[in-house]
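The values are calculated or read from the model by the stated rules, or taken from the named source; none is laboratory data. Keep in mind that what you see is a predicted model, and the values were worked out from it rather than measured. Positions of Cβ are backbone-derived with ideal geometry, glycine not excepted, and every protein chain shown enters the neighbour counts. Side chains are part of the model used for accessible areas, which takes the heavy atoms of the whole protein and leaves out ligands, DNA and RNA. Shrake-Rupley method; radii C 1.70, N 1.55, O 1.52, S 1.80 Å.
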Amino acid sequence: MTPPHFGHSRRWAILGVLVLALFGIAMDNTVLVIALPVLSRDLKADTSQLQWMIDAYTLVFAGLLLLTGALSDRYGRRLMLVVGLAIFGVGSLLTALVATSDQLIALRAFMGLGASCAMPPTLSIIADVFDADERPKAIAVWSGTSAMGIVAGPIIGGALIEHFAWWSVFVVNAPVVAIGLIAVVAIVPESRAPGHIPMDLFGAGLSVVALTLLTYAIIEAPGFGWSDVRILGSIGVAVVLGAAFWVWERRIEHPMLDLDLFRNMRFTAACLSVTLSFFALNGALFLITLYLQQVRQLSPLDTGYRFVAIAVGFVVMAPTSAWMTTRFGARVTTSLGLAIVALGMGLVNTLGIESPDPQVVGILIVTAAGIALAMTPVTDAIMGAVPAEKFGVGSAVNDTTRELGGALGIAILGSIANSAYRAGISLSGIGLGAVARHQGEDSIGAAARVASTVPGGGVVHERAAAAFTNAFNLASAVSVGIVIVLAAVLLWSSARSRADETAAAGDVPVGELEPRFALVPSGAGERPE
């Protein structure tokens, strides 16, 4: 009988180092949002340049994840983490020398390269040093840290901008990265795939271009429109290249991504659940940010303070998620988590123009708690389905689904809200000129600018706030429907897969089925002390 494996002797210290490395990367995108007004003034950046300061990071990050995950398996996960942190830290420091918007956009892309190198190893190293019993606990900490980094961005960024220059929101990463690099080298063990498996360069190239084009289309669709030739062309080419990637990976002896994993409905369900969770989280954050700043007229920093509620939801529920995953299995835990997410998004529909802070905070806590409950079991299922030599690729799959889900949440729900706003707003009959009226009816942000520059701006704000609140409620209702329908499909697929496995196993108890292809933590159960 094979003796039980209890993980690396320094596994909890290793987790602490990985959490430190992850926090700065998770914080980076939201810390920039708070600085956009100052960047517009100091660098004379137009709206398109401000958007690309955010998008350049996301585009490079999401597009390279599968490649960097495969490279970490091939050449060493700790090595890739060190390289990624070094690139990220250097990029953060160089922002202090930026003189133009284009320079900052280029640096943001460079930092996205660093993040894409560093992010997959954090999860793959966790999967390597923790055994199956403790892995859900470690993943819960990993997921909670990612969420808290997102929440901390606006708060830390707002405090820094109030006292220092805009570049301080990036330079603050440097000491964290320096400490992280020293700790990684000193504490984190190296791990890689055994042997010398050839690198699938052609497949890697196909995946990079396809994911980059798909991410670009999702990011740019709200601005250009989903029917724009650039969006349709990007999606079309991404689909063609994705199909070519699928065919290529099926034919070669050593594929970068083992596509047979997706024949297992539980692995596929786990990937889609991650996408669904971050669709809801990022979509809700985007809409509530606009609601608080444009309707309630709060400052970015005050908005950030309210987002602490998200961290509360994660901190409270993440330990419960790990316990429930081990005790009841992933299907029950994920089902309950997605149900709570749907409840939270449904409660968003109750927000009005004068809704009090406790209502907003409560909604954020409920939504975050649902996502925290669902994230641990599905992430554990993804990592449990891949062999140890492919942990880097498995982590990259998890990270890619997170990024695409988040981008889709902002794009789809943002497009719905903006379309509903345009259909529901009317600024006629209050003495506005044609240009001002057209601008105010185009978006809630433009209406806020019009309201601040014309006589009788209060009426403009009242009408725009009412129209956006109605549009906001419609988008949240649509998101509830999406979450419920997809969750039902995922649960049906998982249940069918489990029934098929049970039938194939004959009289073998469910708990003794091959753990690698089960949406439950492999080896779950009692552990000897």
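All conditions in (1) surrounded by fewer than 24 Cβ atoms within 10 Å (Cβ to Cβ); (2) farther than 20 Å from T215 by Cβ hold for M80, with the sole exception of (1).
Would you confirm, using the coordinates I've provided, whether V151 is of a type in the set (V, I, T), in contact with a Lys or Arg (Cβ under 7 Å, 6 or more places away or on another chain), open to solvent by less than 40 Å² (accessible area, probe 1.4 Å) and more than 23 Å from V60 (Cβ to Cβ)? Taking the combined requirement at face value, the residue does not satisfy it. Scanning region 361-390 for residues that are at pLDDT below 85, part of a helix (DSSP H, G or I) and either under 30 Å from S227 (Cα atoms) or open to solvent by 10 Å² or more (accessible area, probe 1.4 Å) (or both) yields a total of 4. Residue check: is L123 under 29 Å from L93 (Cα atoms), touching a Leu at 6+ places or on another chain (Cβ under 8 Å) and not aromatic (F, W, Y)? Considered against the rule, which asks whether it is under 29 Å from L93 (Cα atoms), touching a Leu at 6+ places or on another chain (Cβ under 8 Å) and not aromatic (F, W, Y), L123 comes out as no. On inspection, V184 qualifies as in contact with a Lys or Arg (Cβ under 7 Å, 6 or more places away or on another chain) and modelled with pLDDT of 85 or more.
Of the helices (runs of 4 or more DSSP H) that lie entirely inside region 249-344, those containing 1 or more residues that are without any contact (Cβ under 8 Å) to a residue 60 or more places away in the chain and open to solvent by less than 20 Å² (accessible area, probe 1.4 Å) span 308-328. Can T47 be described as at pLDDT 80 or above and of a type in the set (S, T, Y)? It is false that T47 is at pLDDT 80 or above and of a type in the set (S, T, Y). The residue that is farthest from V176 (Cα to Cα), among those in region 87-112 that are of a type in the set (S, T, Y) and buried (at least 19 other Cβ atoms within 10 Å of the Cβ), is S101. Looking at (1) more than 30 Å from A62 (Cβ to Cβ); (2) open to solvent by 20 Å² or more (accessible area, probe 1.4 Å); (3) not in a loop (DSSP other than H, G, I, E, B), which is the only condition A447 fails? Tallying (1) more than 30 Å from A62 (Cβ to Cβ); (2) open to solvent by 20 Å² or more (accessible area, probe 1.4 Å); (3) not in a loop (DSSP other than H, G, I, E, B), A447 fails exactly one: (2).
Just checking, does region 113-121 include any residue being polar (S, T, N, Q), open to solvent by 30 Å² or more (accessible area, probe 1.4 Å) and more than 30 Å from T320 (Cβ to Cβ)? Scanning region 113-121, I find no residue that is polar (S, T, N, Q), open to solvent by 30 Å² or more (accessible area, probe 1.4 Å) and more than 30 Å from T320 (Cβ to Cβ), so the answer is no. Taken together, the residues in region 122-148 that are closer than 16 Å to A21 by Cβ, open to solvent by 20 Å² or more (accessible area, probe 1.4 Å) and not acidic (D, E) amount to 2. For region 415-444, residues that are of a type in the set (D, E, K, R) and either more than 23 Å from L287 (Cα to Cα) or assigned to a helix (DSSP H, G or I) (or both) total 2. Here I125 meets each of (1) over 17 Å from the mean Cα position of the chain (by Cα); (2) at pLDDT below 85 with one exception, condition (2). Residue pairs whose Cβ atoms lie under 7 Å apart, separated by 6 or more positions or on different chains, with the first residue in region 190-203 and assigned to a loop (DSSP other than H, G, I, E, B) and the second hydrophobic (A, V, I, L, M, F, W, C), are E190/L79; S191/I125; D200/I252; D200/M256.
In contact with a Leu (Cβ under 8 Å, 6 or more places away or on another chain), in contact (Cβ under 8 Å) with a residue 40 or more places away in the chain, of a type outside the set (D, E) and in a helix (DSSP H, G or I): does that describe L66? In short, yes. The selection criterion, being modelled with pLDDT under 75, over 30 Å from the mean Cα position of the chain (by Cα), farther than 28 Å from L408 by Cβ and open to solvent by less than 40 Å² (accessible area, probe 1.4 Å), holds for A505. If I filter region 43-56 for residues that are in contact (Cβ under 8 Å) with a residue 60 or more places away in the chain, of a type in the set (S, T, Y) and either in contact with an Asp or Glu (Cβ under 6 Å, 6 or more places away or on another chain) or not in a loop (DSSP other than H, G, I, E, B) (or both), do I get at least one hit? Within region 43-56, none of the residues are in contact (Cβ under 8 Å) with a residue 60 or more places away in the chain, of a type in the set (S, T, Y) and either in contact with an Asp or Glu (Cβ under 6 Å, 6 or more places away or on another chain) or not in a loop (DSSP other than H, G, I, E, B) (or both).
Checking the conditions here, which among P136, P121 is touching a residue at least 40 places away in the same chain (Cβ under 8 Å) and either small (G, A, S) or in contact with a Gly (Cβ under 8 Å, 6 or more places away or on another chain) (or both)? None of the others qualify; the one that does is P121.
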